[in-house]
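S.K.: Please see the structure below; I have some questions.
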Amino acid sequence: MNLFEKQSCEFITRHIGPDEQQAKQMLKTIGEPHLESLVNKTVPPAIRMDHELDLPQAMSEHQYLLHIKEVSMQNKVFKTYIGQGYYDTITPSVILRNVFENPGWYTQYTPYQAEISQGRLESLLNFQTMVSDLTALPIANASLLDEATAAAEAMTMFFNTLNKQDHISHPKFFVDNEVFPQTKDVLYTRAKPIGIEIVTGDYRKAKIDSTFFGAIVQYPNDKGSIEDYRGFIKDVHTAGAFVVMATDLLALTLLTPPGELGADCAVGSAQRFGVPLGYGGPHAAFFAAKDDFKRSLPGRIIGVSVDANNNRALRMALQTREQHIKREKATSNICTAQALLANMAAMYAVFHGPDGLKNIAKRVAVLMQTVAQAIEELGFEVLSNNYFDTITVTVDDIAPIRDKALRQQINLRYIDDKHISIALDETTLTEDLYDLINCFENDKNPVAFDIHSDDEPEHIPGNLSRTSPFLTHPVFNTHRSESQMMRYIKMLENKDLSLNTSMITLGSCTMKLNAASEMMPLSWAHWSKIHPFAPADQTKGYQQVVDELSNYLCEITALDACSLQPNSGAQGEYAGLLAIRDYHEANNDHHRNVMLIPISAHGTNPASAVMAGMKVVVVKALENGYIDVEDLKAKANDHSSDLAGIMITYPSTYGVYEETVKEITDIIHQHGGQVYMDGANMNAQVGLTAPGLIGADVCHLNLHKTFSIPHGGGGPGMGPICVKKHLAPYLPGHPSMVSRLLSGGQSSTGPSGAVSAAPYGSASILLISYAYIRMLGNVGVRNATEYAILNANYMRARLQGQFEILYTNHNGQCAHEFIVDLRPFKKSAEIEAEDVAKRLMDYGFHAPTMSFPVPGTIMIEPTESEDKSELDRFCDALLSIRQEIRDIEEGKMDRKNNPLKNAPHTQQSVVSSDWNRPYTREQAAFPMYYVTQNKFWPSVARVNNTYGDRNLICTCEPIESYLEAEA
Ligand SMILES: Cc1ncc(COP(=O)(O)O)c(C=O)c1O
């Protein structure tokens, strides 16, 4: 390699952990002469890719940052007053730097291991408290994907409450005309497959009878008007149905909250609480409901419980609702949500407090009324007299106003030929009003306006003005100075184990490096300050990334078309299944609704299939983890005439490349079905094989796994889908794309309904995956796969003999992950998988994936980003734990009172003067030398899950409860 080649390939060596020397040693342990032979013995030859990927060559980090800066300049940052659920916002720098740009926050995993996740659990509890307070509804979840999908979740929650399977007596859902268009679109998409009939109309004239199960209204509505829905809500309740209000958190600081108006549920986006626009996301949606719905709420809920020492401890509550346990009977398919963004929004509320938020809201309202008065003075009609931050103006002709606005680099929302909406936000300055009002002036008679610091909002109707207090908890009333805020954020960060502490070996989750150069551009204004509905000629930088990334993903998957709209893996599944469904319908195969799903599938698969209106038929697995082909054949035969397809994961969730995969996809095709591939395990495919080569018709990619988007403590994520040509017409569309297509713009998507609120989902994080592919290049992305296989097989080889490794191929190799069986220790030492997981915390590690897909096991996925020393540290820790188990087996250690059963050990318990355990404090907290050099202390002892579910508390408790706990 010459000097200059070395420069451009520099990132590969930063991203991939082992260097040449280490790789050699690792191969020796595995017993393979070189990487190529290992890969050849691992990936079945029948499905191997026989060509190099047609992707650009690698760029160095420096080159990439110059490149992406240049691309960003094609996006134009206009002053944007479009609104429609997206508002410019000021991310407080202390939050930007210490949360958004901090790997201590963004590289965390979903807080399944509660003892080492108390920081983000606390912050998510703040989020729930904030949402619950502002909406005046008692139960809130820890975020959903976006406002539109949150509205759809409310719709299905109501539907499932009133309609039992096969007995649909209330099929109709009312949607007020003035709900945001993107929300309507997603509601339509979600309603159709499960037999919900959407009825739109004016809520004031709607006749809701017992055929309706629910209704949605927007508050303030799409045109900015604040409506009093009390009478409507009463009528809906009289008909036995439920109401969800889509609403705005900032407005609710001034408005009577939905709970006080009688609403059953409230949804919306927390974006304007400090989360950048980012061309549509990622942002946290919120979801709050009456107590009656707590067991059917979608998404993750954080709850308060106690630990083994009876101290307060947080953890995820009521998990039995969720897809990973309930599968096709789950309340929703939500897995990844928007935790990082929920944390940012919660921090924004912590930093500003109730008075600060109210102040921002009042200022926005006063500026809006100033603009409205000036525009009225100019002779225009403002549609409603009751508004907060948005007005809609009737004009004779939008053209001259639009021309003038564009000349001043201003975006307004042009609803139709005669209506313009203007939405203000916290970034609006008094000076901005001159330019804004000027768009409506003829320049000869400019209007003067006057604003006073003690002006009050005058257009919030008295009977809808908020009187109830909110955010009264001390956490929202303490951290006003930057010093205190910075320390609060740090204090929480210190409680959480992230990738900046140690490797996180979560099988199926691919916790790889989220490189700084991949992340940095997200903070740049030319990416972060773009509204998702900005005109196409202002978003050319985004369009370039969208087009290039779509092409790269098609090349990598060997498929033909791509939609970047789904904003999580599960959303990708749903979008892909809809494509299959629409395809069958277009072929007059309306009856094809059976989806075969292997027993080992991730819970989101069956949950998504049900959402797409399909029936799930489970296919068995063989002892070696392969799909039972005989069972598959029988089931495909039985359902031949109504077979919609199969959902498979490849390599399977058992971590093996099944040699039979092609036979499986052939069988499905022979019966007229389509093959859906769950691409969660693409990290074992890229450059070596591809879904298209294996026989998939459609596949989703978890960009937050293989393509380096960080997990953010439970989101954001992106789940684009790639499809073969015949499914391309059925990819998700979006209302904003239709107008773009009509105006001659480029779009790679077809006319089907939207699955997300924004056309490209959480568009700004696409940059991370784009960076990943550009900096690794055509060779680097394949190398990443090869090293992922090397690292997994090295760990497997080191652990084999001491632990039983489940499911390897006929050469004894695993793919990019492997399963360690811990079930034998239950009998030999009364040790369960959970004990091993908790003990790993004392060694400074996050547990691997627990009990998925096989109960009583752990699934280890090291990824390519870890070097040999880190892999060794983890193996040493597990082997040391094995020795501890052996001590129990041999009677040297008590079966009940031992370091595993008592794990994790907190600092408090180890320094306590009444230490009376049959092992030393050193053994408890510093079981290996390396731990003394970088000790991570779990902040609570083992959390009691059942206590928390039995005594459900999902908001910050009154301060007295902390005092009681201390007493
Ligand atoms: C195999 C598999 N499929 C689907 C998903 C769902 O993806 P997401 O969490 O992005 O919705 C996961 C998530 O862990 C997974 O492991």
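S.K.: Starting from residues that are of a type in the set (Val, Ile, Thr) and within 13 Å of the ligand (Cβ to nearest atom), keep the ones in the range 709-730 and report whichever is farthest from LEU776 (Cα to Cα).
M.R.: ILE721
S.K.: Same structure, new question: Within the range 623-644, does at least one residue satisfy the condition of being within 16 Å of the ligand (Cβ to nearest atom), outside any helix (DSSP H, G or I) and touching a strand residue (DSSP E or B) at 6+ places or on another chain (Cβ under 6 Å)?
M.R.: yes
S.K.: On the given criteria, is THR320 within 16 Å of the ligand (Cβ to nearest atom) and either of a type outside the set (Lys, Arg) or in a loop (DSSP other than H, G, I, E, B) (or both)?
M.R.: No, not satisfied.
S.K.: A further question follows. Restricting to the range 469-516, name every residue that is part of a helix (DSSP H, G or I), among the aliphatic types (A, V, I, L, M) and either under 19 Å from LEU124 (Cβ atoms) or within 16 Å of the ligand (Cβ to nearest atom) (or both).
M.R.: Scanning the range 469-516 gives VAL475, MET485, ILE489, MET491, LEU492.
S.K.: A follow-up question, please. Looking at CYS554, CYS562 in this structure, which one is in a strand (DSSP E or B), in contact (Cβ under 8 Å) with a residue 24 or more places away in the chain and either under 14 Å from GLY613 (Cβ atoms) or more than 16 Å from the ligand (Cβ to nearest atom) (or both)?
M.R.: CYS562
S.K.: Would you pick out the residues in the range 671-703 that are within 12 Å of the ligand (Cβ to nearest atom) and not in a helix (DSSP H, G or I)?
M.R.: The answer is TYR676, MET677, ASP678, CYS699, HIS700, LEU701, ASN702, LEU703.
S.K.: A further question on this structure: For the range 541-588, how many residues meet the condition of being under 21 Å from the mean Cα position of the chain (by Cα) and either of a type outside the set (D, E, K, R) or more than 18 Å from PRO716 (Cα to Cα) (or both)?
M.R.: 22
S.K.: For ASP425, only one of the following conditions fails: (1) under 41 Å from the mean Cα position of the chain (by Cα); (2) part of a helix (DSSP H, G or I); (3) of a type in the set (D, E, K, R). What is its number?
M.R.: (2) is the only condition that ASP425 fails.
S.K.: May I pose another question? From the list MET49, MET59, which one is over 30 Å from ARG796 (Cβ atoms), out of contact with any strand residue (DSSP E or B) (no Cβ under 8 Å at 6 or more places or on another chain) and assigned to a loop (DSSP other than H, G, I, E, B)?
M.R.: Testing whether each residue is over 30 Å from ARG796 (Cβ atoms), out of contact with any strand residue (DSSP E or B) (no Cβ under 8 Å at 6 or more places or on another chain) and assigned to a loop (DSSP other than H, G, I, E, B) leaves just MET59.
S.K.: I'd like the full set of residues that are in contact (Cβ under 8 Å) with a residue 60 or more places away in the chain and on the phi > 0 side of the Ramachandran plot, limited to the range 397-450.
M.R.: Within the range 397-450, GLN409 is the sole residue that qualifies.
S.K.: Also, quick follow-up: Consider ASP537 against the criteria (1) assigned to a helix (DSSP H, G or I); (2) within 27 Å of the chain's Cα centre (by Cα); (3) not polar (S, T, N, Q): it satisfies all of them except one. Which criterion is unmet?
M.R.: For ASP537, the failing item is (2).
S.K.: Let me ask something additional. Which of (1) part of a strand (DSSP E or B); (2) among the charged types (D, E, K, R); (3) touching a Leu at 6+ places or on another chain (Cβ under 6 Å) does LYS223 not meet, given it meets every other one?
M.R.: Condition (1) is where LYS223 drops out.
S.K.: Would you confirm, using the coordinates I've provided, whether THR331 is buried (at least 24 other Cβ atoms within 10 Å of the Cβ), more than 26 Å from ILE422 (Cα to Cα) and either among the hydroxyl-bearing types (Ser, Thr, Tyr) or within 16 Å of the ligand (Cβ to nearest atom) (or both)?
M.R.: Considered against the rule, which asks whether it is buried (at least 24 other Cβ atoms within 10 Å of the Cβ), more than 26 Å from ILE422 (Cα to Cα) and either among the hydroxyl-bearing types (Ser, Thr, Tyr) or within 16 Å of the ligand (Cβ to nearest atom) (or both), THR331 comes out as no.
S.K.: Could I ask something else about it? Only residues that are farther than 25 Å from GLU493 by Cα and loosely packed, with under 11 Cβ neighbours inside 10 Å: list them for the range 919-946, please.
M.R.: Listed by number, the list holds a single entry, THR946.
S.K.: Taking the condition modelled with pLDDT of 95 or more, in contact with a helix residue (DSSP H, G or I) (Cβ under 6 Å, 6 or more places away or on another chain) and within 14 Å of the ligand (Cβ to nearest atom), does THR706 pass?
M.R.: For THR706, the condition - modelled with pLDDT of 95 or more, in contact with a helix residue (DSSP H, G or I) (Cβ under 6 Å, 6 or more places away or on another chain) and within 14 Å of the ligand (Cβ to nearest atom) - is met.
S.K.: Here is a follow-up. Of the conditions (1) at pLDDT below 95; (2) assigned to a helix (DSSP H, G or I), MET1 fails just one. Which one is it?
M.R.: Going through the list (1) at pLDDT below 95; (2) assigned to a helix (DSSP H, G or I), MET1 breaks only (2).
S.K.: Kindly list the number of the only condition in (1) surrounded by fewer than 20 Cβ atoms within 10 Å (Cβ to Cβ); (2) within 21 Å of PRO111 (Cβ to Cβ) that fails for PHE449.
M.R.: Here PHE449 clears every test but (2).
S.K.: Restricting the first residue to the range 495-520 and requiring it to be within 14 Å of THR110 (Cβ to Cβ), which pairs with a second residue that is part of a strand (DSSP E or B) and within 16 Å of the ligand (Cβ to nearest atom) meet a Cβ separation below 6 Å and a spacing of at least six or different chains?
M.R.: LEU497/HIS846; ILE504/HIS846; LEU506/THR849; GLY507/THR849; GLY507/MET859; GLY507/ILE860; SER508/THR849; MET511/ILE504
S.K.: Ok, one more. For the range 645-662, how many residues meet the condition of being β-branched (Val, Ile, Thr) and in a loop (DSSP other than H, G, I, E, B)?
M.R.: 3
S.K.: Given the criterion surrounded by 24 or more Cβ atoms within 10 Å (Cβ to Cβ) and either outside any loop (DSSP other than H, G, I, E, B) or in contact (Cβ under 8 Å) with a residue 40 or more places away in the chain (or both), identify the matching residue among ARG782, ARG873, ARG882, ARG796.
M.R.: Only one candidate passes the filter, namely ARG796.
S.K.: Which of the residues that make up the range 595-605 are more than 9 Å from the ligand (Cβ to nearest atom) and buried (at least 23 other Cβ atoms within 10 Å of the Cβ)?
M.R.: Once the filter is applied, which keeps residues that are more than 9 Å from the ligand (Cβ to nearest atom) and buried (at least 23 other Cβ atoms within 10 Å of the Cβ), the range 595-605 yields MET595, LEU596, ILE597, PRO598.
S.K.: While we're looking at this one, here's another question. If you scan the range 86-141, which residues turn out to be closer than 15 Å to SER523 by Cα, in a helix (DSSP H, G or I) and in contact with a Pro (Cβ under 7 Å, 6 or more places away or on another chain)?
M.R.: Within the range 86-141, TYR106 is the sole residue that qualifies.
S.K.: Restricting attention to the range 45-80, which residues are under 27 Å from the mean Cα position of the chain (by Cα) and more than 23 Å from ALA515 (Cα to Cα)?
M.R.: Within the range 45-80, ASN75, VAL77, THR80 meet the criteria.
S.K.: Identify the single condition in (1) in contact (Cβ under 8 Å) with a residue 40 or more places away in the chain; (2) within 27 Å of ALA690 (Cβ to Cβ) that PRO45 does not satisfy, given that it satisfies every other one.
M.R.: (1)
S.K.: Any idea which of ASP450, ASP454, ASP403 is over 38 Å from the mean Cα position of the chain (by Cα) and under 28 Å from ASN477 (Cβ atoms)?
M.R.: None of the other options fit; the residue is ASP454.
S.K.: Next question. How many residues, within the range 566-582, are more than 14 Å from the ligand (Cβ to nearest atom) and either part of a loop (DSSP other than H, G, I, E, B) or surrounded by fewer than 24 Cβ atoms within 10 Å (Cβ to Cβ) (or both)?
M.R.: Counting residues in the range 566-582 that are more than 14 Å from the ligand (Cβ to nearest atom) and either part of a loop (DSSP other than H, G, I, E, B) or surrounded by fewer than 24 Cβ atoms within 10 Å (Cβ to Cβ) (or both) gives 1.
S.K.: Do we find a residue being in contact (Cβ under 8 Å) with a residue 12 or more places away in the chain, assigned to a helix (DSSP H, G or I) and of a type outside the set (Ser, Thr, Tyr) anywhere in the range 459-468?
M.R.: yes
S.K.: Still on this structure, please answer the following. Six or more apart or on different chains, Cβ under 6 Å: which pairs go from a residue in the range 850-863 that's over 22 Å from GLU830 (Cα atoms) and part of a loop (DSSP other than H, G, I, E, B) to one that's of a type in the set (A, V, I, L, M) and away from the ligand (no atom under 14 Å from the Cβ)? Could you list them?
M.R.: These pairs meet every condition: PRO862/ALA792; PRO862/MET795; PRO862/LEU871; THR863/ALA788.
The values are calculated or read from the model by the stated rules, or taken from the named source; none is laboratory data. Predicted, not measured: the structure shown is a model, and the values here were computed from it. Cβ coordinates were reconstructed from backbone atoms using ideal geometry, including for glycine residues, and neighbour counts include every protein chain displayed.
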